[in-house]
Each structure stands twice: as C-alpha cells, then as structure tokens.
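The values are calculated or read from the model by the stated rules, or taken from the named source; none is laboratory data. As the structure is a computational prediction, the values presented were derived from the model and not from experiment. Here the Cβ positions follow ideal geometry from the backbone for every residue, glycine too, while neighbour counts run over all protein chains shown. Please note that ligands, DNA and RNA were not included when accessible areas were found on the heavy atoms of the full protein model with its side chains. Shrake-Rupley method; radii C 1.70, N 1.55, O 1.52, S 1.80 Å.
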Amino acid sequence: MRFLLISILFVICNLCNANSFITLNYLNKIDHVSIATNESTAISTLYFNNKIIKTSNDFAVLYLVGKAQIESFTVYIIWGGAGGTIDEDTDLHYQFLTINEQNQYKLSSVASEAYANQIYIESNNLRIRTINPAPYAEKNDLGWYEFFPQNNKIVITAAVKSEDYYSKKFASYTVAQIFAQMKADNCYSIDNNKLFFPHVCGWGYGYCYMLSKIKLPIKNDQYKLLAQSCSNH
C-alpha cells in the first residue's frame, strides 16, 4: 500500500512538471497575469499578482496569447506592438513573462511575432516558427527562434533571408514584374492617377521597395505611376 501511494505521488509530481503549451484566445487575464487598458489614454499595462510589470517604452502590450509549462517554469506569451503604429503587421511582436516556483518573474526582450499554431516545446524550451515581417519578403521566407525560460534568453536558430538577398533579387526586376505582383496580390487599384494601397496591401511599401532596388529601370508610364505613388513612402 505504501509503495502504491509513493508511485501515485511520483506520477502526480511528474504530471505537475510535465511540459505543455496551450494557445489562448487573445485574453486580458489568465491566472495571476493580466493586462489592463486605460480607457482615456488607451495605454495598456501588464500586471502580475496585481503589481505593475514595467515593459519597454517601445512595446505596447495587447493580449495574452499563449501559456507554456516548462519544467518548473510557467511562461506567458504576450502579444503587442513595438515601434511605429500598431496597425502595421510588421510592428507586432511577442514577449515572454516567466514565473518560477517562488513566484518570481522575469520579462524577456521583445521577439518577432510567430505563427500561433507553430509554437512547440522541445528540449525544455519554446521553439517558435516565425516569418520575415518585411513587406517585400517571400511568403515562404520562414525562420525559427527559441526561448529558454531557464536563463530568459531568445536565440535565433534559423534566420530569415537578409535584406542583402532581397536587394540582389530585385536589382534585375522590371516594373512590369512589380505590376504583375500587385495584380496577383489583388493590390492594383488606381485613384486620381495614383495607385491606391490599402492596409491589406501593406500601404504599398513592399512594391516601393522593389522599385527602389531596380538598377536600370525603364522609365515608362508604369514606372512614373509607381514612382509618383511611392513618393511619400
């Protein structure tokens, strides 16, 4: 009987320390971690045990989107905006709040946003699939980074393609290729003799970047139209 009780306690202990990860549905509170927004200033604040956790000035916390149990650490994944305006997809990032068994916390540096359904626990750390946020990046330009709660470190293990790669790629482009890409992306619309780029088209920054990298552009009507549309970028 004593042996059976010890065995049951051992199993329960292992389950308590078992690694796990759940995706949260854009929550403002889970466990003793919460995010409160001041209605008058629209500024959000992160709390743990009802005490304010100071975040970096360029990171605006928005939601709790994930929770992981890694060994004796509980990690909360925070989604928010950093630098520029939050309505730009490329400004959205993750940050990790780690709580240990003594209820002590550490807040990580700001990391790139990742796919919510591609966060894994491997070798007692979070392995996270991310995308290249550049508006001109290829859709399959993916990378990996890992978060180690033990030392509160974020390590890039597979980098996305560099800007130098894209500079070389677009150097030999033609304006016709850019227009073909815009049409394929459903981002070709003319308003008052200028191209109209809504938010879903990244305000056109990707296409303007492509144009700026062409080494020997043929300055035809298409070129002039795109150059004029990009003049304020």
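Just one of (1) open to solvent by 40 Å² or more (accessible area, probe 1.4 Å); (2) part of a helix (DSSP H, G or I); (3) modelled with pLDDT of 95 or more fails for LYS161. It is (2).
Using the structure shown, decide if GLN181 is part of a helix (DSSP H, G or I), over 22 Å from ALA137 (Cβ atoms) and out of contact with any Leu (no Cβ under 9 Å at 6 or more places or on another chain). No: the conditions fail for GLN181.
Within the stretch 204-227, being buried (at least 18 other Cβ atoms within 10 Å of the Cβ) and closer than 18 Å to PRO133 by Cα holds for GLY204, GLY206, TYR207, CYS208, TYR209, MET210.
Residues that are surrounded by 10 or more Cβ atoms within 10 Å (Cβ to Cβ) and at pLDDT 90 or above do occur in the stretch 77-93, at least one of them. Inside the stretch 188-203, can you point out the residues that are in a strand (DSSP E or B) and open to solvent by 40 Å² or more (accessible area, probe 1.4 Å)? Correct list: ILE190, ASP191, LYS194. Is it the case, given these coordinates, that ASN132 is open to solvent by less than 70 Å² (accessible area, probe 1.4 Å) and modelled with pLDDT of 95 or more? No; evaluated as a whole, the condition is false for this residue. Which residues, counting only those in the stretch 100-113, are touching a residue at least 24 places away in the same chain (Cβ under 8 Å) and not β-branched (Val, Ile, Thr)? Within the stretch 100-113, ASN100, GLU101, ASN103, TYR105, LYS106, LEU107, SER108, SER109, ALA111, SER112, GLU113 qualify. Which residue is most open to solvent (accessible area, probe 1.4 Å), if the candidates are limited to the stretch 94-125 and must be closer than 15 Å to TRP144 by Cβ and β-branched (Val, Ile, Thr)? Selected residue: ILE121. Anything in the stretch 94-129 that is modelled with pLDDT of 90 or more and of a type in the set (Asp, Glu)? List them, or say none. Across the stretch 94-129, the qualifying residue is only GLU101. All but one of (1) surrounded by 11 or more Cβ atoms within 10 Å (Cβ to Cβ); (2) among the charged types (D, E, K, R); (3) not in a loop (DSSP other than H, G, I, E, B) hold for GLU138, so report the exception by its number. Among (1) surrounded by 11 or more Cβ atoms within 10 Å (Cβ to Cβ); (2) among the charged types (D, E, K, R); (3) not in a loop (DSSP other than H, G, I, E, B), the lone unmet condition for GLU138 is (3). Taking (1) in contact (Cβ under 8 Å) with a residue 40 or more places away in the chain; (2) within 26 Å of the chain's Cα centre (by Cα); (3) open to solvent by 50 Å² or more (accessible area, probe 1.4 Å) in turn, PRO149 satisfies each apart from (3).
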